[in-house]
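Right, one structure below, let's go through it.
The values are calculated or read from the model by the stated rules, or taken from the named source; none is laboratory data. Only a predicted model underlies this, so the values are computations on that prediction, with no experimental measurement involved. Because the Cβ atoms are built from the backbone with ideal geometry, glycine has one as well, and the counts that use them run over all protein chains shown. SASA here: full protein model, heavy atoms, side chains in, ligands and nucleic acids out. Shrake-Rupley method; radii C 1.70, N 1.55, O 1.52, S 1.80 Å.
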Amino acid sequence: MIADFATSIGARMLTVARATGSYGLLFSSVIREFPKRPFYFKLTVEQIYHIGIKSIGIVFVTAFSTGMVMALQFGLGLEKFGGKLYVPKIVSLSIVREIAPVFCSLMLAARVGAGIASELGSMTVTQQIDAIRALGTSPIKRVVIPRILACLIAVPLLAAIGNFIGIAGALIVGVSELGLDPMFFVQKVLTTVVITDFVTGCLKTFFFAFFISVTSCYFGLNVKGGTQGVGNATRAAVVTSSIMILIGDFFLTKAFFLMFEK
Amino acid sequence: MTAPMTNNSEIVAEFKDFRKSFGSKEVHKGVSFQLKKGECLGLLGGSGQGKSVILRSLIGLEKPDSGQVLIEGQDIVPMNEEQLIEIRKKVAYVFQNGALFDSMSVYENLAYPLRAHTNMQEDEIRQRIRELLAEFGLSGNEQVSPAALSGGMQKRVGLARSIIMQPKIVLYDEPTAGLDPYNTIRIQEMILRLKAKGVSAIFVTHDMPSAFAVCDRIALLFEGRIQAVGTREQLEQQPDSKLTRFVRGLEV
Ligand SMILES: Nc1ncnc2c1ncn2[C@@H]1O[C@H](COP(=O)(O)OP(=O)(O)OP(=O)(O)O)[C@@H](O)[C@H]1O
Ligand SMILES: [Mg+2]
């Protein structure tokens, strides 16, 4: 009984170790092949369109509604203590530093991560990845690198847009529900949020973009067992990259804190 | 029936004591054979005996646990993906199911290897693709998406894509399975035409008439080893011929 349990834990740890190893292998071949010709510029642009432009809607909804909810929650909470006037300050800081980068990245992990993992997964089970290799070309260069680059470009931009949309949502609620003066609101935001807040928020999303793209490519390329495997890989890609974002956020916040605000 | 063998018996590909297991299942227990220049070698064996793995190993898509895979005298087993590119330009693998890129049209699928490995101009590419599609009875399907083609048509496009770079060795993985008699004959003719041009080939199939029509020699793969290899006549004349047993559906 206990021996069974121990064996199964051992087997599990072995699987995780092996997966970490091949994740590292994927990562190192990306680094190795990145500077080599040919460069698939057009494929990268295509991916920026699929990953970036097509995600604007979801980022808009996410940022706008969280901005509105935060303004409402803080407004109603602080009103009892007469602290309504602090709403622009608190809400804009939390949006720019944490909420917009993390929430937008989590939504993109779901949308983009699932898209990449299932697409690459289907290509793996239908032997299209093998065909790319068999025809003397590299799936890393043609498939993986364009997706990673597109994520590295699109995710930070989307998160930056999310900052503005989130604050706009908060502004609307602040004015309509809390009766704040719009000029006062904007002025408070501008005097509170400094450039390092904005930059550290966006810098985080570079790492998140990396987590999302590499993880979902990894799970997509390593699908085993047909169509069912594609489903499993997609789920694993979304869950793993979301967890990496949440855990990574803590350490990145800590690191940026040490770097920028001594 | 069996075309005369070229006297020139230069060896273009060779398997030496190839062993491979998947999990605890030992599929190849020391496979050895040689492919001579310009010949078509039939590789027969029951389903799951490891024929596709053998073909995949010849272009480095799979690595053996031990043994050597030689292409023109070079062992490709220790090669990395970058070194394998040169091998893959010379050796074409025709996938069992076509393996077409479904995000691209038929035209783009066929242009893919040309764009990757040549500096051909777009009108040369177009010309080449038009000829090839005509040869395979697929004219007019340039802009169609692979998903909109029948299985047999996908297979033929896959075959066309594999040979568009004019490889020296072609590995056919059941190219006639699932084709109607008319197209089966067309594929046989195509294989014979390539052979006449000096292309060497390994032909994996369960379709005996096609095997006998195009192959110079036949190798029988069973239980992880090549059990017999030779011309059809040689194999049939053996006492208790394994080939005859295989063709009749008896245990080999
Ligand atoms: N990636 C893999 N993972 C696990 N087992 C595999 C893998 N590839 C092949 N095998 C096993 O190796 C054996 C040989 O497979 P292979 O596809 O080469 O057979 P085959 O001779 O081509 O059969 P068929 O005539 O049906 O195409 C099978 O039993 C299969 O289960
Ligand atoms: Mg097979």
Qualifying positions in region A:111-128 - of a type outside the set (Gly, Ala, Ser), open to solvent by less than 20 Å² (accessible area, probe 1.4 Å) and more than 18 Å from the chain's Cα centre (by Cα): A:Leu120, A:Gln128
Residue in region B:91-98 that is within 10 Å of chain A (Cβ to nearest Cβ), within 16 Å of ligand 2 (Cβ to nearest atom) and hydrophobic (A, V, I, L, M, F, W, C) present: yes
Residues that are within 14 Å of another protein chain (Cβ to nearest Cβ) and within 16 Å of ligand 1 (Cβ to nearest atom), drawn from region B:168-216: B:Leu171, B:Tyr172, B:Asp173, B:Glu174
Residue match in region B:98-117 (condition: within 16 Å of ligand 1 (Cβ to nearest atom) and either of a type in the set (A, V, I, L, M, F, W, C) or under 19 Å from the mean Cα position of the chain (by Cα) (or both)): yes
Of all residues in region B:4-48 being basic (Lys, Arg) and touching a residue at least 40 places away in the same chain (Cβ under 8 Å), the one that is nearest to ligand 1 (Cβ to nearest atom): B:Lys20
Subset tally (residues that are touching a residue at least 12 places away in the same chain (Cβ under 8 Å) and on the phi > 0 side of the Ramachandran plot) for region B:129-165: 1
Region B:49-78: number of residues that are away from ligand 1 (no atom under 16 Å from the Cβ), part of a loop (DSSP other than H, G, I, E, B) and acidic (Asp, Glu): 1
Out of B:Ile185, B:Ile202, sole residue that is buried (at least 19 other Cβ atoms within 10 Å of the Cβ) and either touching a helix residue (DSSP H, G or I) at 6+ places or on another chain (Cβ under 9 Å) or not in a strand (DSSP E or B) (or both): B:Ile202
Within region A:222-236, considering residues that are open to solvent by 30 Å² or more (accessible area, probe 1.4 Å) and in a loop (DSSP other than H, G, I, E, B), the one farthest from A:Val143 (Cα to Cα): A:Gly225
Breaking point among (1) touching a helix residue (DSSP H, G or I) at 6+ places or on another chain (Cβ under 7 Å); (2) at pLDDT 95 or above; (3) away from ligand 1 (no atom under 16 Å from the Cβ), for B:Val91: (1)
